[in-house]
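In what follows, a structure is listed as structure tokens, so that the remarks can point back to it.
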């Protein structure tokens, strides 16, 4: 696989450049590939901190990277809704409570393990055997649309679109409190919370995060809002809701957990607590995604409705019941 360096990428570090372009690989994996001579610049072995020049040619030895003997992942037979499939891609509805790829403490019960069971033949030659098919992510409790790349060609094409931010995504969030604004933009710099590294917050040293929003319905205690993220930062919509003053319903990490219902009268608290028992997690759903098909090059759009329990709360907001 060859990549040509454009003028806009001149002077960037090799590992940094590739980690943003090849979202299916972790930065650690890319650095290992560079160290092992699987990534060359102008046919020469270089270090991970090599500074790129305009028109440099980067060669990546995918076949060596995909040595299955070095990767051992178990298959997991778990229900998965496949909305669409062809030779290049599958569109799935990610279930709640499932992390996307193996991580410390969980190597066998992830979306990757489900994909290996469901798409065993298609993913035999995955670009990154530790994350087969994965070109983007959703948080553990976020449900909804995901693109799965079933071959090398699809991986590169879709990864490039994520890098260039040409993919259009729409989310539905159920949040606390009554939104006043009908639409707007939330923009800040996101970085890790120094006291709690699994949490993100506004930071002077982070990365730009931009979300457009449109109010669907503002209830008295909860609201339904559409989000159109223009960047793809970790926990982006969840942090934006919290910092805008409307944490996502059920989001314990960002102030939207069950304790918040104590702020209301007993009869309202009981109703809210009943909704908590339904969702058991934050109410954020990836509703639709639009992108260029890797082979036909035509724009395609897929969508999926939230699950039954999410819809129970959603409809309660729409019908002025909460």
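Observations on the model:
- Candidates in the stretch 46-63 are the residues that are within 16 Å of residue 4 (Cα to Cα) and surrounded by fewer than 16 Cβ atoms within 10 Å (Cβ to Cβ); of these, the one that is modelled with the lowest pLDDT is 61.
- Qualifying residue in the stretch 141-149 (condition: assigned to a loop (DSSP other than H, G, I, E, B) and at pLDDT 90 or above): yes
- Of all the residues in the stretch 1-37, those that are surrounded by fewer than 15 Cβ atoms within 10 Å (Cβ to Cβ) and part of a helix (DSSP H, G or I) number 6.
- Only one of 154, 103 that is surrounded by fewer than 20 Cβ atoms within 10 Å (Cβ to Cβ) and not assigned by TED's automatic domain parsing to the domain that holds residue 214: 103
- Meets criteria (farther than 30 Å from residue 271 by Cα, crowded, with 22+ Cβ neighbours inside 10 Å and in contact with a strand residue (DSSP E or B) (Cβ under 8 Å, 6 or more places away or on another chain)) for residue 134: yes
- Taking the criterion of being under 13 Å from residue 15 (Cα atoms) and in a loop (DSSP other than H, G, I, E, B), the residues of the stretch 38-52 that qualify are 38, 46, 47, 48, 49, 50, 52.
- Test result for residue 259, over 20 Å from residue 96 (Cβ atoms) and loosely packed, with under 15 Cβ neighbours inside 10 Å: yes
- Per the conditions (1) in a loop (DSSP other than H, G, I, E, B); (2) at pLDDT 90 or above; (3) under 19 Å from residue 314 (Cα atoms), the sole criterion not satisfied by residue 173 is (1).
- When 108, 160 are checked against the criterion of being farther than 30 Å from residue 276 by Cβ and surrounded by fewer than 20 Cβ atoms within 10 Å (Cβ to Cβ), 160 stands alone in meeting it.
The values are calculated or read from the model by the stated rules, or taken from the named source; none is laboratory data. In this text, all values refer to a predicted model and were calculated from it rather than measured experimentally. A quick note on method: Cβ atoms are made from the backbone with ideal geometry, for glycine too, and the neighbour counts reach across all protein chains shown.
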